[in-house]
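Take a look at the structure set out below.
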Amino acid sequence: MSKRDRLSGNEAVATAIRQIDPDVIAAFPITPSTEIPQYISSFKAEGLIGTEFVTVESEHSAMSACIGASAAGARAMTATSSAGMALMYELLYVAASDRLPIVMAAVNRALSGPININADHSDSMGARDSGWIQIYSENAQEAYDNMLMAHRIAEHPDVMLPVMICQDGFITSHAVENVVIEDDSFVKGFVGEYRPEKYLLNPDEPLGVGPYSVSIFYMEIKRQQFEAMSKARAVIAQVSADFTAQTGREYGMLEKYRMDGAELAILIMSSAAGTGKDAVDILRAKGVKAGLVKLRVFRPFPAEDVAEALGGLKALGIMDRSDGFSACGGPLGAEVRAALYGKADGIRTINYIYGLGGRDMRTEDFEHIFGELAAMRDGGEAPDCRYQGVRE
């Protein structure tokens, strides 16, 4: 039977990891993800997990250890943030190209410089093309639930790709919320045992992992990764539906909030979606036809779902918690506009860069954005991209 507890996002994720009890965890501390390996260390000391917990000298070594363990046939996990993920950068590509179903708890934090320890998405967005599946969490409950689903997705034979489960540093990772925790026995049954088809320690089948790939093979390997990422859409939907059937908590590629009859909407990821929903409620009470779409899965990008969810809008604000320094704004803005092209061309869009380095987004900020969207719907002009909440 499930139980309700008061946990931070980091505690919730660590609890999920304890219940999964992976074969190997390798991690190096970095704020704000440090608590996760700390909890794992305590679980190990108390005999609550049988995991081999490897304390390494850097995040580069943490991912190296996970790659070695996963290639050997073990279920492997890690946790990191910000510059720690950046130090893993080379190895993120190795893990994905070797088709190793490693799971990472990614606690989003701004990348240096200037140095900042608070939340934005510049770390995971910097790794968006590395071949990792990326799933984002609005709150501690979703971070916990996403972690329970991660191995089922990563280890599916149609996928075999690494997965990062993202949550906003401090905003989600350290804030204490009510969280429904499932029984250990339920988690064991839902996640299941990992039985890899091919692994280095199989004496009956000699295997090489991560060889040098010359030109006549490299593109075929990348094409196989592309096909696996494409197939991951159906697997994520399948695993999410199974989770919903067993827990009652519903997840999909995205969430539509009060989108029936909406003319104006924002599309957003992670913790600020909760504040955005409050703003939508305020505006709906005033008669404004406002709505919100929360993107849960960024990789693989659910272009068809996005176009369907946004169809019929007059104006859209696309919310990026990182900047791509491109001609048209942040990475989410570029992906969403590409998804709409040729399918929902009539929607006028603005890409908003917000919340960098942990800057707050209040309901008033969202109301201001909806005001700009209303003006744009009524014929007003707006730039392709603007910063929200910056001191001019």
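The values are calculated or read from the model by the stated rules, or taken from the named source; none is laboratory data. Treat the numbers as computed from the prediction; the structure is a model and nothing was measured. Note: ideal-geometry Cβ built from the backbone for every residue, glycine included; neighbour counts use all protein chains shown.
Restricting Asp384, Asp320, Asp365 to residues that are in contact with a Cys (Cβ under 9 Å, 6 or more places away or on another chain) and surrounded by 14 or more Cβ atoms within 10 Å (Cβ to Cβ) narrows the list to Asp320. The set of residues from segment 247-261 being over 18 Å from the mean Cα position of the chain (by Cα), surrounded by 12 or more Cβ atoms within 10 Å (Cβ to Cβ) and of a type outside the set (Ser, Thr, Tyr) comprises Arg258, Met259.
Among the residues of segment 180-201, are any surrounded by 15 or more Cβ atoms within 10 Å (Cβ to Cβ), within 26 Å of Tyr93 (Cα to Cα) and of a type in the set (D, E, K, R)? Checked segment 180-201: no residue is surrounded by 15 or more Cβ atoms within 10 Å (Cβ to Cβ), within 26 Å of Tyr93 (Cα to Cα) and of a type in the set (D, E, K, R). Of all the listed residues (Ala96, Ala119), the sole one being under 21 Å from Arg359 (Cα atoms), more than 12 Å from the chain's Cα centre (by Cα) and assigned by TED's automatic domain parsing to the domain that holds Ser8 is Ala119. Of the residues contained in segment 105-112, one or more are found to be modelled with pLDDT under 95, surrounded by fewer than 21 Cβ atoms within 10 Å (Cβ to Cβ) and either polar (S, T, N, Q) or touching a Cys at 6+ places or on another chain (Cβ under 8 Å) (or both). Which count do you get for residues in segment 4-28 that are part of a strand (DSSP E or B), touching an Asp or Glu at 6+ places or on another chain (Cβ under 8 Å) and surrounded by fewer than 24 Cβ atoms within 10 Å (Cβ to Cβ)? Number of matching residues: 4.
Filtered by the rule that a residue be more than 30 Å from Asn116 (Cβ to Cβ), out of contact with any Gly (no Cβ under 8 Å at 6 or more places or on another chain) and surrounded by 18 or more Cβ atoms within 10 Å (Cβ to Cβ), segment 50-71 gives Thr51, Gly68, Ala69, Ser70. Within segment 140-183, being under 12 Å from the mean Cα position of the chain (by Cα) and of a type in the set (S, T, N, Q) holds for Asn146, Gln167. Would you say Gly50 is out of contact with any strand residue (DSSP E or B) (no Cβ under 7 Å at 6 or more places or on another chain), touching a residue at least 60 places away in the same chain (Cβ under 8 Å) and closer than 24 Å to Ile153 by Cα? In short, no. One residue alone among Gly355, Gly317 is at pLDDT 95 or above, out of contact with any Gly (no Cβ under 8 Å at 6 or more places or on another chain) and closer than 25 Å to Ile282 by Cβ, and that residue is Gly317. Filtered by the rule that a residue be among the hydrophobic types (A, V, I, L, M, F, W, C) and farther than 17 Å from Gly274 by Cα, segment 289-304 gives Phe298, Phe301, Ala303. For segment 29-43, a residue qualifies if it is among the aliphatic types (A, V, I, L, M) and not in a loop (DSSP other than H, G, I, E, B), and the qualifying residues are Ile36, Ile40. Screening segment 262-303 for residues that are without any contact (Cβ under 8 Å) to a residue 40 or more places away in the chain and farther than 22 Å from Gly371 by Cα and picking the one that is surrounded by the fewest Cβ atoms within 10 Å (Cβ to Cβ) gives Ala303. Restricting the first member to segment 340-368 and to residues that are closer than 30 Å to Ser112 by Cβ, and the second to residues that are of a type in the set (Ser, Thr, Tyr), the beta-carbon pairs closer than 7 Å and six or more apart or on different chains are Ile353/Tyr387; Met361/Thr275; Met361/Tyr354; Arg362/Thr275; Phe366/Thr275.
Would you confirm whether or not segment 240-249 contains a residue that is in a loop (DSSP other than H, G, I, E, B) and modelled with pLDDT of 95 or more? Among the residues of segment 240-249, at least one is in a loop (DSSP other than H, G, I, E, B) and modelled with pLDDT of 95 or more, which makes the answer yes. Within segment 353-388, the set of residues being within 20 Å of Asp323 (Cα to Cα) and in contact with a Lys or Arg (Cβ under 6 Å, 6 or more places away or on another chain) comprises just one member, Gly355. Given the structure, is Arg99 of a type in the set (Lys, Arg) and either in contact with a His (Cβ under 8 Å, 6 or more places away or on another chain) or surrounded by 23 or more Cβ atoms within 10 Å (Cβ to Cβ) (or both)? Taking the combined requirement at face value, the residue does not satisfy it. Residue under question is Glu335, and the condition is that it be over 19 Å from the mean Cα position of the chain (by Cα) and of a type in the set (Asp, Glu); does it hold? For Glu335, the condition - over 19 Å from the mean Cα position of the chain (by Cα) and of a type in the set (Asp, Glu) - is not met.
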